[in-house]
Amino acid sequence: QKQHLWANSRLLASTPEDVEVDVPILLSFSDSFGLNWQLGASYEFFDGFTLGTSFRGQRNIRASGSIEVELPPKLGGTPGEPGLAEIGGSGCDLSGDTPSCDVQVELDIAPVWRVGAQYHLPSFFTAEAAFVFERWSSHDRIVIRPQDVQFQINVGNTDPIDVPKIVVQRQWQDTWSLRLGGELHVLQEYGIHFRGGYFYEPSAIPPEQVNASRIDLDKHGFTAGVAGNWRGFQLELSAMYVALQSQEVRNSE
């Protein structure tokens, strides 16, 4: 993901904002091992009818990564000549063509609660219904903490500036979904089953937070499938179509 550090200074620009001195940085994060837990239970109230529920806990991700810093021509100068600014600090590797600096990222993933019911009539059909609640309000921001990264302006007697934490606002909201499904058993000698399903889920992303990097809107989903047995093999074919509702964004922010 690309972000922009606002590097404008009264020493560099005479206007309140000059995009030629914005510093784009490319964020890269490594895999992070973390435990996740889930608890579920179901009970068959009478023959063929079962109720079940499960809960998956919130995950707090803390991972290491790096940023690649691309100083624009107005700041970076030319090869062999110092520019107006430079990136440095003990957390940076400046040996390559593009400086790379160490960072850490913090973000939270939503806990999920599910409850569902199933009715099964042997050799004929199975029907299911489920309700899912996802507490995405816990994913309100992503915090990127540079590890001893400094920005030096080579104009006047200015001291190096520690690059502060970068906060990417998410401000997602809680959401839910309703899911229905069924399976019809036909041609038992071949073990053929026809399946179908439907779900509806409002988006967890508020309209004012929608952008091209994370397109998630209110949606309807339709599924269909068929399964059968052939010489000891269980074969399945399925397809899903998701219809996203449209969203018109009028605010460039």
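The values are calculated or read from the model by the stated rules, or taken from the named source; none is laboratory data. Model, not experiment: these values are computed from the prediction. A quick note on method: Cβ atoms are made from the backbone with ideal geometry, for glycine too, and the neighbour counts reach across all protein chains shown. Side chains included, ligands, DNA and RNA excluded: accessible areas come from the protein's heavy atoms. Shrake-Rupley method; radii C 1.70, N 1.55, O 1.52, S 1.80 Å.
Quick look at the numbers
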read-out: Efficiency of FRET between Ser123 and Gln209 - r from beta-carbon atoms, R0 51 angstrom, step 0.05; value: 0.55
read-out: In nm, spacing of pseudo-spin labels at Phe33 and Arg231 (7 Å Cα→C-beta vector); value: 4.4
read-out: Solvent-free Debye scattering, log10 I(q)/I(0), computed from the Cα coordinates of the chain at q = 0.10 Å⁻¹; value: -0.73
read-out: Hull-based mean projected area of region 179-218, where the convex hull spans the alpha carbons, in square nanometres; value: 4.1
read-out: Cβ-Cβ FRET estimate between Ala224 and Leu187, R0 fixed at 25 Å, reported to 0.05; value: 0.90
read-out: Computed [θ] at 222 nm, deg cm²/dmol, the chain (DSSP H ≥ 4; -39,500 (n - 2.57); rounded to nearest 500); value: 0 deg cm²/dmol
read-out: Contact order normalised by residue count of the chain, Cα under 8 Å, 6+ apart, percent; value: 13
read-out: Normalised per residue, the volume of the convex hull around the Cα set of region 129-179 (Å³); value: 87
read-out: Fraction of accessible area attributable to carbon and sulfur, region 146-245 (%, probe 1.4 Å); value: 59
read-out: Residue (of Gly191, Ala212, Thr223) at the positive-pole extreme of region 181-250, dipole from beta-carbon charges; value: Gly191
read-out: Cα extents of region 51-188 along the three principal axes, largest first (Å); value: 81, 31, 23
read-out: Per residue, in Å², the accessible surface of region 137-211 once ligands and nucleic acids are set aside, probe 1.4 Å; value: 54
read-out: D_trans [Stokes-Einstein, Kirkwood Rh over alpha-carbon pairs] for region 199-253, 25 °C, 0.890 mPa s, µm² s⁻¹; value: 175
